[in-house]
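Take a look at the structure below.
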Amino acid sequence: MISTREKVFNYAFLTLLAAAVLFPVIWTLGVAVSPEITGSLDLGHMRWSNFTDAWQQAGLTQYLKSSLIITGTAVAISTALAILSGYAFGVLGVVGEKLLFPLMLFGIMIPLEAIVVPLYYDFQSQGLTDTYQGIILAHVGTGVSFGAFWMRAAFRTVPSSIGESAQVDGAGTWSALWRIYLPISRPAIVTFVLLNFMWTWNDYFLSLILVSDPAHQPMTLGLGAFSGRYLVHVNLLAAAAVLISVPVVGLYVFCQRQFIRGMLSGAVKG
């Protein structure tokens with residue numbers, strides 16, 4: 001049993017932690033609707049037109065198009081590869097799994113900064129820099145290792161008796177995947193989609209290296225260019241930052257129940 005003193009300490013600590021996390025968010029929202037361009041708060045004269053001004057002055061329409069193409073395609077391909085590789089490693093037991101799976105995990109352990117320079121020159125030699133195909137391929141390549149690890153663990157939480165019963169009933173490999181493993185592992189899949197979407201949408205470093213053409217740059221680079229041109233207009237920068245974060249926050253709010261289930265259902269157990 002937890003004592004009253006421990007409960008008070010836990011709630012006090014969590015309250016302070018929540019305040020520390022929420023304070024920058026609330027401050028940014030306040031600055032975004034403030035008429036003061038210096039970044040000081042003036043909530044008595046809220047200016048909601050800051051959002052439209054920031055959108056127009058930063059030219060976020062083209063950046064939004066690029067972000068949707070890059071993120072949507074990369075997440076779709078990564079999810080498909082994660083499901084197939086996780087099913088192969090976690091259920092089918094592919095030949096050489098004990099060698100191949102540890103090699104896959106190197107993609108998680110090696111930091112992106114260690115490979116980005118040779119990655120750039122390889123992509124440049126193949127004509128993949130400043131293209132949607134190149135940045136999408138880079139995001140898929142950097143995310144496939146975690147996807148394989150995540151879905152392998154998720155599929156392994158499914159009782160083997162269920163798969164054996166499906167085989168007895170005549171279900172083939174693909175039928176078992178679509179009718180049994182995918183429905184049971186839906187929370188883990190939704191969680192992976194949300195995490196992958198967040199990582200890809202918020203990416204700045206990889207896009208900065210591989211994409212210099214404004215016609216193919218995502219919204220994060222658009223915000224960086226906007227901050228360079230209008231550094232003094234802090235309220236408009238805050239408004240643009242809020243606009244960029246809306247898709248991630250909205251998707252999480254819409255899928256939060258599935259996300260929490262995926263995080264708590266033992267999806268990361270090996």
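Values for this structure:
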| item | result |
| --- | --- |
| Å² per residue, accessible surface of the chain at 1.4 Å | 57 Å² |
| Longest to shortest principal axis, alpha-carbon extents of the stretch 102-211, angstrom | 52, 25, 23 |
| Per-selection Kirkwood Rh - the chain (Cα, Å, 1 d.p.) | 21.4 Å |
| Ranked packing of 252-261, 123-132, most packed first, by mean Cβ within 10 Å | 123-132, 252-261 |
| Expected 222 nm ellipticity per residue - DSSP helices of 4 or more, -39500 (n - 2.57), all of the chain, to 500 | -23500 deg cm²/dmol |
| Span from the the stretch 163-226 Cα centroid across to the the stretch 127-141 one, whole angstrom | 16 Å |
| Contact order normalised by residue count of the stretch 1-129, Cα under 8 Å, 6+ apart, percent | 9 percent |
| Extension gain (nm, one decimal) between D53 and F13, 0.36 nm per residue minus Cα-Cα | 10.4 nm |
| Carbon + sulfur, % of accessible area of the stretch 69-151 - ligands and nucleic acids excluded, 1.4 Å | 72 percent |
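The values are calculated or read from the model by the stated rules, or taken from the named source; none is laboratory data. Since the structure is predicted, the reported quantities are computational estimates derived from the model, not experimental observations. Every residue, glycine as well, gets a Cβ built from its backbone with ideal geometry; the counts of neighbours run over all protein chains shown. Heads up: the accessible areas ignore ligands, DNA and RNA and are worked out on the full protein's heavy atoms, side chains in. Shrake-Rupley method; radii C 1.70, N 1.55, O 1.52, S 1.80 Å.
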